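Step one of this worksheet: look at the structure below.
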Amino acid sequence: MTRRPAEPIGTGPLALRHALGLPHARRAFLAILVFALAGAAFLSPVLAAAPSPALSEIEADADHAPAEVVLDGEVLFAVRGVSAFPAAERATAIAARIRAVAADRTVSPESLRVVEGTIGFNILAGNRPLMTVIDVDARGEGVTPQVMAEVFRRRIAGAIATYRAERTPQALGIKAGIAFGATLASAALLWGAWLLFRRLDALLDRRLKTRVEGLETQSFRLIQARQIFGFLHGFVSAMRVVLVAVIAYAYLTFALGLFPWSRPIARELSALFLSPLSTMGNALIEALPKLTFLVILILVVRYFLKLVRLFFAGVESGTIPLEKFDREWVWPTYRIVRFLTVAFAAVVAYPYIPGSQSPAFQGVSIFIGVIFSLGSSSFVANLIAGYSMTYRRAFRVGDRIRVGDVTGDVTESGLMVTRVRTVKNEEIVVPNSTILSNHIVNYSALARKDGLILHTTVGIGYETPWRQVEAMLLLAADRAPGLLKEPRPFVLQTALGDFCVTYEINAYCSDAQAMGPLYAELHRNILDIFNEYGVQIMTPAYEGDPEQAKIVPKAQWFLAPAQPPDVPATGGA
């Protein structure tokens, strides 16, 4: 028989575990790179001394991902590929040679031997080459190529013996009996599941119908009974489908795994379901330290915020005195501290969030940040304006204010908007940024302490003594019950016009919300008193020179109700 040249292949750290029969373990991609580069470095002198194209390809491609050599669905070991002969094709070729030897019962597993070759150690079955183990295959495991070849030989010999034993009539008969029993058990489980869910549906209709209808009555039909029944029956149906799928999956995986010909299918079915679970489980285990840190951070922040809240509650109640700190600032300040604390905690926690370093997570974070930046300019402006107004103490809830052309009472002062109720009982929502960019007239700020001055003007001709006009205006203010007696009202001559003198009556009030009724009362009193004393309120237009000069003789300077300086005032008429 002509001896075929052994083809060099590469193996990774998994090969020794598979060869020794240990459980399959995942390798990190970084370890593959390190081992492959180390193998290439050690093999470089060999290449310089005796150039070998096959060995050069192995070293040049030593960092390629390995492929598993599989026989009857069982992984024997892993090999590496080269650019000209990828790992998957190499593994398939080796598996085919092993399968051919296993099918040939004339070749005994004990006939497998290791023979030293030119570039490594060849594993032969009689005179038939199976594979070659070179230095790069063993270096990752920290053993010599001869030891690695012996390990591979034992693994292959065991796989050949198992391959032949599973195909004997006795073994196939036993596996067929087990498969038949599994079929009966699965059918019984499916029948039992059908009976269980049938009784569960009947139980829902019989036991819960009255309770669900009662719940519908108690909720004033906000919750419909048919909606609840639909949800419950849908949930039961979903559980039925899940249970049937689990039973069918377990049966197929078990039954197909009994026979060597269908075992690869069972392996694929198992990987289809278990691989995602394994991935999630491994990710969860790897993330446990980070999750523990996040839980501790959340607890620390939570109880810190509780202490901060207790502190500000004490400031509000007065048990914790703070000089020059208005009590209206308590909860806005608490919200600022809470926001800063949560923001700082989020910055600290970000690197520990599972997946935060992935490009997808970072891309989503950038996308959300861009959307927030583009769409929240007015939101942030109103928020800052709300806090600014809080600390400026521009107004309080209940104050009568004027912002632009809006006049009314403040009913709510939030972080975003301020609600104002006008004297016409209209509620106007004003954005805080608008308030911050306009001047604010607060009628109530000084009304509670010094009093708000209400003022109105009248135009009286020059023929009427100004002392008489002042006395009548003061009398009108005294007759208004809502105006304060102290400080005393006063009159100002604001203009000497072309046709009249403009008088302004000023009177104090303590209730800014009563401005409208007080103005009406003051105007009524002015009309009554001026009519009572025969003084016309008008502004004549110029048509020609009057026949008599429009002057007030000195004798008429103190016409009633005015009093001369040496006569005490007698009050209202």
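The length gained on full extension between LEU190 and LEU492, counted as 0.36 nm times the residue separation minus their Cα-Cα distance, comes to 98.6 nm. Label-to-label distance for LEU284 and THR168 is 4.3 nm, based on points extended 7 Å past Cα in the beta-carbon direction. By the count of neighbouring beta-carbon atoms within 10 Å, fewest first, THR494, THR418 end up ordered THR494, THR418. Provide the FRET efficiency to the nearest 0.05 for the GLU412-SER377 pair, computing r from the beta carbons and using R0 = 25 Å. That pair, GLU412 with SER377, gives E of 0.60.
Shown in residue order for region 472-483 are the 3J(HN,Hα) couplings computed by the Karplus curve 6.51 cos²θ - 1.76 cosθ + 1.60 at θ = phi - 60°: 5, 5, 5, 5, 5, 5, 5, 7, 7, x, x, 8 Hz (x for Gly and Pro). Taking label positions 7 Å along the Cα-Cβ direction at both LYS424 and ALA96, the computed distance is 9.2 nm, reported to one decimal. For region 382-491, the alpha-carbon radius of gyration amounts to 1.41 times the rule-of-thumb value 2.2 N^0.38 Å expected for a compact globular protein. Sorting the Cα pairs of region 240-296 by distance into bins of 5 Å, from 0 upward, gives 4, 17, 16, 16, 13, 11, 9, 8, 4, 2, 0 percent per bin. Modelled spin labels at VAL241 and LEU310, positioned 7 Å past Cα toward Cβ, are 5.2 nm from each other. Distances between placed amide hydrogens fall under 5 Å for ASP399 paired with VAL410, all partners being 5 or more residues away or on another chain.
Placing R0 at 25 angstrom, the Cβ-Cβ distance between VAL347 and LEU291 gives a FRET efficiency of 0.90 after rounding to 0.05. At an R0 of 22 angstrom, the distance between the Cβ atoms of GLN536 and LYS485 translates into a FRET efficiency of 0.15. Need the C-alpha centroid separation for region 68-143 versus region 461-497, integer Å. Between the Cα centres of region 68-143 and region 461-497 lies a distance of 118 Å.
By the gyration tensor of its Cα atoms, with a ≥ b ≥ c the square roots of the eigenvalues, what is the shape of region 107-204: rounded for a/c under 1.5, prolate for a/b over b/c, or oblate?
Numbers: a/c = 7.02, a/b = 2.54, b/c = 2.76.
Judged from the Cα gyration tensor, region 107-204 comes out oblate (a/c at least 1.5, b/c at or above a/b).
Determine the relative contact order of region 452-556: mean sequence separation of Cα pairs under 8 Å and six or more apart, normalised by residue count, in whole percent.
Over region 452-556, the number comes to 39 percent.
The stretch between ARG154 and ILE366, if pulled fully straight at 0.36 nm per residue, gains 70.8 nm over its current Cα-Cα span. Net length available on complete extension from SER275 to TYR462 is 56.9 nm, with 0.36 nm assigned per residue and the Cα-Cα distance removed.
We did not get these values from a lab; they are worked out from the coordinates using the rules stated. Just so you know, these numbers come straight off a predicted model, no measurement behind them. Every residue, glycine among them, receives a Cβ derived from its backbone with ideal geometry; neighbour counts consider all protein chains shown.
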